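What follows draws every value from the coordinates through simple rules; no lab data is involved. Computed from a predicted model, the values in this text were never measured in an experiment. When we count neighbours, we look across all protein chains shown, and the Cβ atoms used for this are built from the backbone with ideal geometry, even at glycine.
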Amino acid sequence: MNGVGLPGRLAPNFLADRLTGPLNLIAIFAGICSAVMFCWIAVDTVPGVWAFAVVYGSCAAGVQSLFPATVASLTVNPKKAGVRMGMVFSVAGFATLTGPPIAGALIQKGNGSYLYAQIFAATAMGAGCAMVGAARWAKVGWKLKMKV
């Protein structure tokens, strides 16, 4: 996933800068990531795992690289950019800290099956997509063709 993530980290930022804005694009990428994670449930072959790793790795890299750009684009006062970036990464740090133990407990609960962990991960990403959508709505309302 990290290998295919290189173009996945560069291309979305280029597109966000030129066409859509980072907030719009991160919402799209988060939605795609959530859908791909739900599709992960159906993967049961080695080639399927490779295909999943390529698609998810590209999309997840886009979310990761657009994250700081989105925070910066939502900050009006440049003096507060560092504080906001620190606050957002602190919240993300809790998710990074708690996600793996939760996934491990869900795998253990499923007797070694990844199903519960897959559903949890996909649902959490979907909830994140909804939160980004709410942030976009709070910033510009229902206007669809806004570069945010």
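Assuming R0 = 25 Å, what is the FRET efficiency of C39 and I107, from their Cβ-Cβ distance, to the nearest 0.05? It would help to have the intermediate numbers written out before the result.
Working: r = 19 Å, r/R0 = 0.75.
Computed FRET efficiency for C39 and I107: 0.85.
Extending each Cα 7 Å along its Cβ direction at W142 and A130, get the distance between those two points in nm, one decimal.
2.0 nm
Once phi is turned into θ = phi - 60°, what whole-Hz ³J(HN,Hα) does the Karplus curve with 6.51, -1.76 and 1.60 give for every residue of segment 45-61, x standing for Gly and Pro?
Once rounded to whole Hz, the list reads 10, 5, x, x, 5, 4, 5, 4, 4, 5, 5, 5, x, 5, 6, 5, 5.
Can you count the Lys pairs in the chain whose Cα atoms are under 28 Å apart, with each pair 8 or more apart or on different chains? Mind showing how you got there, number by number?
Values: K79/K139; K79/K147; K80/K139; K80/K143; K80/K145; K80/K147; K139/K147.
So the count of such lysine pairs works out to 7.
Quick one: compute the contact order of the chain, relative version, from alpha carbon pairs under 8 angstrom and 6+ residues apart, as a percent. Working shown, then result.
Details: 147 pairs, mean separation 54.9, N = 148.
Answer for the chain is 37 percent.
So how strong a dipole does the chain carry about its Cα centre when Lys and Arg Cβ are +1 and Asp and Glu Cβ are -1, to the nearest 20 debye? Spell out each step's value before the answer.
Numbers: 11 positive and 2 negative charges, 149 e Å.
My answer is approximately 720 debye.
Step through the residues of segment 141-148 one at a time and calculate ³J(HN,Hα) from phi using the Karplus curve (6.51 cos²θ - 1.76 cosθ + 1.60, θ = phi - 60°), rounding each to whole Hz and writing x for Gly and Pro.
x, 8, 5, 7, 9, 9, 8, 10
Specify whether the C-alpha gyration tensor of segment 1-122 places it in the rounded, prolate or oblate class, a ≥ b ≥ c being the square roots of the eigenvalues: rounded for a/c under 1.5, otherwise prolate if a/b is larger than b/c and oblate if not. Intermediate results must be reported in sequence, preceding the final value.
Details: a/c = 2.86, a/b = 1.52, b/c = 1.88.
Cα axes put segment 1-122 in the oblate bin.
Provide V4, V36 in ascending order of the number of other Cβ atoms located within 10 Å of each residue's Cβ, fewest first. Don't jump to the answer; show the numbers that get you there.
Working: V4 16, V36 19.
By the 10 Å Cβ count, ascending: V4, V36.
Please arrange L23, L144, L6 by counting, for each residue, the other beta carbons lying within 10 Å of its beta carbon, fewest first. Present the calculation step by step, with values, prior to reporting the outcome.
On the way: L23 23, L144 8, L6 12.
The most exposed by this proxy come first: L144, L6, L23.
In deg cm²/dmol and to the nearest 500, what is the mean residue ellipticity at 222 nm of the chain if only DSSP H runs of at least 4 residues count, each as -39500 (n - 2.57), divided by the residue total?
Values: 5 runs with 116 residues, N = 148.
Mean residue ellipticity at 222 nm (helix-derived): -27500 deg cm²/dmol.
Rounded to the nearest 0.05, what FRET efficiency is calculated for M1 and R84 with R0 set to 30 Å and r the Cβ-Cβ distance?
Values: r = 28 Å, r/R0 = 0.95.
Plugging the Cβ-Cβ distance into 1/(1 + (r/R0)^6) gives 0.60.
Of D44, D17, how do they rank once you tally other Cβ atoms within 10 Å and put the fewest first?
Working: D44 7, D17 14.
Lowest to highest Cβ neighbour count: D44, D17.
Between F120, F94, F14, where does the largest GNM mean-square fluctuation fall for the chain, given springs only between Cα atoms within less than 10 Å?
The residue with the greatest mean-square fluctuation here is F94.
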